1. Shape verdict for the range 1-119, please, from the Cα gyration tensor: rounded (a/c under 1.5), prolate (a/b greater than b/c) or oblate.
2. Residue separation times 0.36 nm, minus the C-alpha to C-alpha distance between D247 and A117: what's the value?
3. At a threshold of 8 angstrom on Cα-Cα distance, excluding pairs fewer than six apart, so keeping six or more, what relative contact order does the range 241-313 reach in percent?
4. Taking a quarter of the surface of the convex hull around the Cα atoms of the range 194-304, what do you get in nm²?
5. Would you mind classifying the range 1-62 by shape? Square roots of the alpha carbon gyration tensor eigenvalues, ordered a ≥ b ≥ c; an a/c under 1.5 is rounded, otherwise it is prolate if a/b is larger than b/c and oblate if not.
6. Which residues does a label at E55 reach in the range 2-26, if reach means a backbone N under 16 Å from a point 7 Å past the Cα toward the Cβ?
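What follows draws every value from the coordinates through simple rules; no lab data is involved. Because the structure is a prediction, the values reported are computed rather than measured. Cβ: placed from backbone, ideal geometry, glycine included. Neighbour counts: every protein chain shown.
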Amino acid sequence: MPVPDVTVVVAVHNAVPHLTACLDSLVVQSLAPGRLEVVVVDDGSTDGGGALLDEYAARHPGLFRVLHRPDSGGPAGPADPADRGLAMARGRFVLFLGVGDRLGPEALERLVAAADAESVGCTDPASARAPAGIEPLRLDIVRCHGLLGDEGLQSLPDHPLAPEACPRAGRGPVLSDCDCYFLVLREDRGNATGRASVLDRLRGIAALQQVADELVEPGEELDAIRVRSFTWDVPRLLQAGFLLLDDGLQRRVCAEVGRLVERFGVREVYHRLPVSERLRLELAVAGRPEVLRDQIRYEAAHGEPPVVVDGRRHYAGYPAFRDARLGLPDELFLLREEPPFEATPPLNLAQQLWRGVVPEQVRRGLRRHPGWRRLANSVNGGRG
């Protein structure tokens, strides 16, 4: 039997309202027949999803393979449905697709082509921004190095997988000229990440960073992984949702964020983070949830702050800027620094004559001076 180019693994649990769009997006993929297989793991669905999967498998023989299992209780643990699907995969590449999400019609064909011929390194900014878990990964590398989800994580169990696979493989495909992946937020927040507590999500982020710390040498690649987490994953936890937490949980979140910043040297990449994000991180590090709440409310009400200009330096004028009670360094608020102004030295008489800035009356007076001929020669070669 020919080996497919790519296996898409989908884990399904009570997702009928969203399941059809996901499966239809796989049916219409532009890959030729036989180049794609879809492994769907029914994780104990009780909403008729299992029967719907069997219907798709019957209508599209050779495309869908369905595994029915009892409810595993979540995306992590020894019965992780995504891992069960991975065990069945036969393609050269494997991609995990969220049941509520869908792919553009050319996504898999173009991603496979990019993976074979036009991959980018892990330091590429697009690669660093790519969401974890939705990249096509080489199946042999995943199996050889045991790159499975972290069974101890209730949120983002496959989050550490991508930064581990990237250095193992050396390169990965990124496309920026077509729509590939459409992420859908279910109204019931029925995906594991949406349901997870903020502390679970922080543990998932810590696991990702730990994997990066162990496998990636210090430098641009490791910095790119740091920037990705601390411009997206962590700041999202310090926005409006933070205000809904009780005071005790807010303090625990601040403490966990502080540990992440200190443990993984995040300040070394602060210059690559927007001011608002590094400011929220530092307020969490300082254990000041009350000031962090004020900062979140200020951003929601005012958007961008006024710019404070001090000499050549331009700062974001948030209320916390130069607040003596907080003692935050000015560099935290720095937007940009203008280059030093270099004064132009004054023109000597010869240069003024050459540029025609000497008034004609003065020029007539100079012509009567004994040294005029010598001066004229120095300006225009004796033609004055």
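1. prolate
2. Separation in residues times 0.36 nm, less the Cα-Cα distance, equals 41.6 nm.
3. Values: 38 pairs, mean separation 24.4, N = 73.
Averaging sequence separation for qualifying contacts and normalising by length gives 33 percent for the range 241-313.
4. Working: hull surface 27.3 nm².
That works out to 6.8 nm², a quarter of the Cα hull's surface.
5. On the way: a/c = 2.12, a/b = 1.92, b/c = 1.11.
Prolate shape, in that a/c is at least 1.5 and a/b is the bigger ratio.
6. So the set is 14-25.
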